1. May I ask for the Kirkwood hydrodynamic radius of the stretch 188-228, worked out over all distinct Cα pairs and given in angstroms to one decimal?
2. Sorted from fewest to most neighbouring beta carbons within 10 Å, what does the list 339, 87, 578, 747 look like?
3. Counting other Cβ atoms within 10 Å of each Cβ, which trypsin sites (Lys or Arg not before Pro) in the stretch 188-224 have at most 12 and sit in a DSSP loop?
4. Determine ³J(HN,Hα), in whole Hz, for all residues of the stretch 10-17 in sequence, where each value follows from phi through the Karplus function 6.51 cos²θ - 1.76 cosθ + 1.60 and θ = phi - 60°; x replaces Gly and Pro.
5. So, in nm, how far is label residue 22 from label residue 223 when the simple model puts each one 7 Å beyond its Cα toward the Cβ?
6. Name the residue from 708, 623, 639 whose Cα lies farthest towards the positive end of the charge dipole of the stretch 434-748, charges +1 on Cβ of Lys and Arg and -1 on Cβ of Asp and Glu.
7. What aspartates and glutamates does residue 581 reach when the alpha-carbon gap must be under 18 Å and sequence neighbours fewer than 8 apart in one chain are set aside?
8. Run the numbers on the stretch 2-161 and let me know its relative contact order in percent, using alpha-carbon pairs under 8 Å that are six or more apart.
Amino acid sequence: MTPINNAPRRMMRQLHEIMASEDDAEVRLNKVVHLVASNMVAEVCSAYFIRGDMLELFATEGLKSEAVHNTRLRVGEGLVGLVASTRSSLNLSNAQDHPKFVYRPETGEEIYKSMMAVPILRSGKSVGVLVVQNQASRHYSEEEEEALQTVAMVLAELVVSGDLITSHDQNDGNGDRSSTTRFKGMVFAEGLAEGVVVMHEPRVEITQHLSEDYEGQLKRLDKGFENLLAQIDEIMSAEDILHHGEHREILDVYKLFARDKGWRQKIEDAIESGLTAEAAVEKIQVENRTKMMKTEDPYLRERLSDLDDLANRLIRHLMGKAGTAASKGLPENAVVVARNMGPAELLDYDRDKLKAVILQEGTPTSHVAIVARALGIPMLGQIEENLLDIDEGVQIIVHGLDGEIFISPPPDILESYRDAIGARAKLLARYDDMRDMPTVTKDGVEIELVVNGGLTMDIEGMHRTGARGVGLFRTEFQFMISKTLPRIGPQAEFYKSIIDAANGKPVTFRTLDIGGDKEVSFLKRDDEENPALGWRAIRIALDRPALLRYQLRALITAAAGTTLNVMFPMITNVDEFRLAKSILEKELARHRLNKRAMPKEINVGTMLEVPSLVWQLDSLLPLVDFVSIGSNDLMQFFYACDRDNPKLSNRYDPLSPPSLHMLKYIVKKCNEAKVPLTLCGEIGGKSVSALALIAIGFRRLSIAPAAIGPVKMMIRSLNLAEIEQYINELLSRSTSSIRPDLEAYARDHDVKI
């Protein structure tokens, strides 16, 4: 890779000359693969493009020439097909050992061991794959991978221009599915809507990737950033944003990313290598998307998603196409469709006319999803590719409860959904009417409902729904968005703002649960084969006690004169709890010694997320003031089942006799020890599973603000004594789930689930 490191501009200049020549497209392509092979000291360089629904070898340096236009692979077939389908690079020291390896005898590639392949992307879709190979077993460097990605970007011009493949032949590898009228996705924000399709942003095709005017491109970038920041400032100064702290909080983070020097420096470096400003932004955007696809950390995905949105905005500014559909006149019932969207872009829209949002990508923990839930805008995401091919102006129905979308629905479906939308509006009004009513069963048993949170807006959700407090406040977010360990002062200020916003209602703070799928930039960690079971949460805190000490010091400071409720995550044995509590006690003693204002009351508890702790309750309960069950992790570990794996999502049900027996045992032990018990997590937020939890003895549930209304309605329609007797019968069965039985019981006894 030395030639590329020492002379990147020379290679880019040669690439520019080839692409600007008057040669036909295949001649230019052949020259490019020869250039790459010689510059990267690769014995093979090959370019595959998608024609129809197949990947076809269009040019090669090193493989047999007769394989050109004769070697074809389905998208997803072999290593080249894998790169096309996943839109991610492969870097293999021995490609033939990979389980997806497919041998094509006409190519003569059996002598080549190492292989690097990168996708050729157009508007985020795979249109081809660029490959280099060597006989020797080697791992290509990061610089080589970046160089190959840059060349792949430039080759996309051949597809955009139509010189290499006609639009008739080129089908983005997805087949023709323009007739699709029904899509399925994931619910990010609940709700029902009917409207007409509005595409979020104009399609922007970068047609010029190379430039030798480095200074001119850097000036264009400066102007683009200037316009981008001015646009964000304009959004933040809007009257309805100025007075909503939760929206400003997210936009402040968003603006921080826009000013990120590291991001900008990478773009400038790409310009220095010979790219135009917009191509440089796209190059770094593709790198970030690749990282986003590989990471399972929802917070890191969230940050990369924001950068993706910022990159799209910046590219549109650079190409003179700034603005989205929000800057145009919206129809009265707009349903906005986008590949992805950032929080600032959502807030651009007229909320009186915006009825729903559909994203092809996105995650339910992204900033834009958080804002959508706060604003009550139905949002679906993770929809199949052809969503972006639908026409503007067509009628659309969004079922933000089941995750279904109907395009141009027939009259019978339309009428049915209109009835459902009307019923939904009445139901939401009933939830509002119940806000100040007691959460009591028909036979007089009170159930306490509190909320889970991690942002200021979740406190507003607590007040809006009439919840009794915050049962779990996740403290990771402040650390996720910081490049360095947040100082004690800002930490304390943030925690105090949460306590003050709660206005006397209790807030339980969980100490840092980082690691696993939640990385922080200031803490270097080794790669782990199974991070969910690795160095995370209290394990990091006890190995790096300064992290925990500083956070506890900030919490003690914030809670001066009030009650501090704090709990430790991922405790697996009693000794870990003792160690964590001893650190808290030392910080309390330090606070007293320095004559600082103290909390008037301190309650210390633990999350119960690991099955091993269930069998240590006799030793644990005398040491704690309360216990909170982290049901998401507890069920994941109980069943050895990755809760984020879609192949397993329906295989194990927490409403099975084994898991409910375990939960009932925990209730029994806590009741005997008179230790308050809360269940936090998704199963408490669904009415039917909340019904089971209450029936086995839970009296306090910590759930999402949006779940308070439905769960409260269920509780107020329930005769607890009757269901307690019934569930004991169900738990004696050897079935995989009692969910159908509970749903039938609810129907028969008019329990609102």
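Taken together, the values in this text are just the output of simple stated rules run on the coordinates, not laboratory data. Keep in mind that what you see is a predicted model, and the values were worked out from it rather than measured. A quick note on method: Cβ atoms are made from the backbone with ideal geometry, for glycine too, and the neighbour counts reach across all protein chains shown.
1. Hydrodynamic radius (Kirkwood, Cα only) of the stretch 188-228 equals 14.5 Å.
2. 747, 578, 87, 339
3. 203
4. 4, 5, 5, 5, 5, 4, 4, 5
5. 3.1 nm
6. 623
7. Straight-line reach from residue 581, under 18 Å: 513, 543, 601, 609, 618, 625.
8. Relative contact order, the stretch 2-161: 20 percent.
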